[in-house]
Amino acid sequence: MNHLLELEGVSKRFGGVQAVDSVDFWADPGEIVGVIGPNGAGKTTLFNIVTGFYAPDAGKIHFDGHNLVGLKPNQITRVGVSRTFQAVRLFGAMTVLENAMVGQHTRTKAGVYGALLNTPRTVREEQKVHASAIDSLAFFGDRLTPRINSLASELAYADRRRLEIARAMATEPQLLLLDEPAAGMNPSEKEGLIELIGRLRDVKGYAIVLIEHDMPVIKGVSDRVVALDYGKKIADGTYDEVAANQQVIEAYLGKAGSEEQE
């Protein structure tokens, strides 16, 4: 079976630290995969490798028939992989609408001359960018659309998280990588996030991979869970299978702590 995203034997070392160690990983169309592991397990490094921010030292990465190794982040976005970041990265001095419109930059082709001359092609592209941004923002109901002219810096924290996802959606992806989307959210906001991620898959049709420390969120959304520790994949299966895995328990509690639970 050909997976939408497939990593084979991917490794990355920083000096004396083996951040990712021979990891095999995949995600299929319409699947939500949760990635868990203690701090320093290599989760965000894995995302950075997939999205071209880091080059792997070894291994293969394929997405929808494309070899991602050696591609730049904007090229990877163009083939259909988009992401959010652990720390929200928005343009605070730009409006909500402008931030969402930024997501379309990899899809536009009009150059400097087209912009200066305001050619028909440029006008059509601007209209498409605007419509795509509005559509992405509308997915969040009344959370963002009424605020399209507000500065991103003026949004509440949870809405800044939503805007970052909207910007990722505007890139027209097949695969969304969400890095700790529940970070900083209260219990009510986390419940809304679980519902949102389900709709991103069921309504928009995205495959989704998310890194998350909040286990109720992982349990609530994931079709499959992958656990990492010290850069290695130590478990892969349903939430219940992974949560019961002895290596996973030891990774989170330490061997002494896991023995106390027995």
- Message: Given the criteria surrounded by fewer than 17 Cβ atoms within 10 Å (Cβ to Cβ) and under 30 Å from Glu250 (Cβ atoms), does Asn67 qualify?
- Response: no
- Filtered residue count, the stretch 231-255, keeping only those that are at pLDDT below 95 and hydroxyl-bearing (Ser, Thr, Tyr): 1
- Among (1) at pLDDT 95 or above; (2) buried (at least 19 other Cβ atoms within 10 Å of the Cβ), the one test that Ser150 misses: (2)
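This table checks each residue for (1) modelled with pLDDT of 95 or more; (2) touching a Pro at 6+ places or on another chain (Cβ under 8 Å); (3) part of a helix (DSSP H, G or I); (4) not charged (D, E, K, R).
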{"position": "Glu6", "(1), (2), (3), (4)": "yes, no, no, no"}
{"position": "Gln18", "(1), (2), (3), (4)": "yes, no, no, yes"}
{"position": "Ser22", "(1), (2), (3), (4)": "yes, no, no, yes"}
{"position": "Gly34", "(1), (2), (3), (4)": "yes, no, no, yes"}
{"position": "Gly52", "(1), (2), (3), (4)": "yes, yes, no, yes"}
{"position": "Pro56", "(1), (2), (3), (4)": "yes, no, no, yes"}
{"position": "Ile61", "(1), (2), (3), (4)": "yes, no, no, yes"}
{"position": "Arg78", "(1), (2), (3), (4)": "no, no, yes, no"}
{"position": "Glu98", "(1), (2), (3), (4)": "no, no, yes, no"}
- Give the residues of the stretch 166-201 that are under 22 Å from Val226 (Cα atoms) and part of a helix (DSSP H, G or I), sorted by residue number. Lys190, Glu191, Leu193, Ile194, Glu195, Leu196, Ile197, Gly198, Arg199, Leu200, Arg201
- If you take the residues in the stretch 100-115 that are outside any loop (DSSP other than H, G, I, E, B) and under 23 Å from Leu210 (Cβ atoms), which one is modelled with the lowest pLDDT? Thr106
- Message: Please go through (1) in a helix (DSSP H, G or I); (2) closer than 25 Å to Ile148 by Cα for Lys204 and return the number of the only condition it doesn't satisfy.
- Response: (1)
- Message: Every residue in the stretch 220-247 that is part of a helix (DSSP H, G or I) and without any contact (Cβ under 8 Å) to a residue 60 or more places away in the chain, please.
- Response: Gly220, Asp240, Glu241, Ala243, Gln246, Gln247
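The values are calculated or read from the model by the stated rules, or taken from the named source; none is laboratory data. In this text, all values refer to a predicted model and were calculated from it rather than measured experimentally. Here the Cβ is made from the backbone with ideal geometry for all residues, glycine too, and neighbour counts use every protein chain on show.
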